Amino acid sequence: MSDSVLSQLSQVLEARKNNSADESYVASLHAKGLNKILEKVGEESIETILAARDAELSGNNEKLIYETADLWFHSLVMLSHLGENADGVLAELERRFDLSGLQEKAQRTADKES
């Protein structure tokens, strides 16, 4: 799988951003403002966490995948609202390929202290 799905979704979200709030869920979120979008991201985060816990017990990841898709979707709406898209996140993830997780965390800690 490539990043083309994220790219396509980013384009759709950007196009729907300025639609009528009565005709588009995405437009309605933008019209309600950042706090409403953040509320949805938080809600989807909790649902994803609960689905992961249930998946570990049941061995069925179907709901986990569904909730993660909702979380990603609402995270992309949040980025769009702030003038960003998936490209920035993908670039940051790509930048981290040459760092171990421990190195990356140490670098963030050093940056905070300076």
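Read-outs throughout are calculated quantities, based only on the coordinates presented, and are distinct from any laboratory measurement. Fair warning: this is a prediction, and the values are worked out from it, not measured in the lab. So basically every Cβ, Gly included, is an ideal-geometry build from the backbone, and we count neighbours across all protein chains shown.
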Here the stretch 56-71 yields Karplus 3J(HN,Hα) values (6.51, -1.76, 1.60; θ = phi - 60°; whole Hz; Gly and Pro given as x) of 5, 6, 8, x, 10, 9, 4, 5, 4, 5, 4, 5, 5, 4, 4, 4
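Quick one: compute the contact order of the chain, relative version, from alpha carbon pairs under 8 angstrom and 6+ residues apart, as a percent. Write out the running numbers ahead of the final one.
Values: 69 pairs, mean separation 27.3, N = 114.
This gives 24 percent for the chain.
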In the chain, lysine pairs 8 or more places apart or on different chains with C-alpha atoms under 23 Å apart total 5
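Can you tally the net charge around GLU62? Count Lys and Arg as +1, Asp and Glu as -1, for every other residue whose Cβ sits under 14 Å from the Cβ of GLU62.
On the way: positive: LYS63; negative: GLU47, ASP54, GLU56, GLU67, ASP70.
Summing Lys/Arg as +1 and Asp/Glu as -1 gives -4.
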For the chain, whose charge dipole is built from +1 on Lys and Arg Cβ atoms and -1 on Asp and Glu Cβ atoms, the candidate among GLY83, VAL5, ALA15 with its Cα farthest towards the positive end is GLY83
Within the set SER28, SER80, SER100, GNM on the chain using Cα springs under 10 Å gives the largest fluctuation to SER100
In debye to the nearest 20, the charge dipole size for the chain, taken about the Cα centre with +1 at each Lys and Arg Cβ and -1 at each Asp and Glu Cβ, equals 220 debye
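Just check the chain against the gyration tensor rule for me: Cα atoms, a ≥ b ≥ c as the square roots of the eigenvalues, rounded for a/c under 1.5, and otherwise prolate or oblate depending on whether a/b exceeds b/c. Numbers along the way, then the final one.
Details: a/c = 1.76, a/b = 1.23, b/c = 1.43.
Oblate shape, in that a/c is at least 1.5 and b/c is the bigger or equal ratio.
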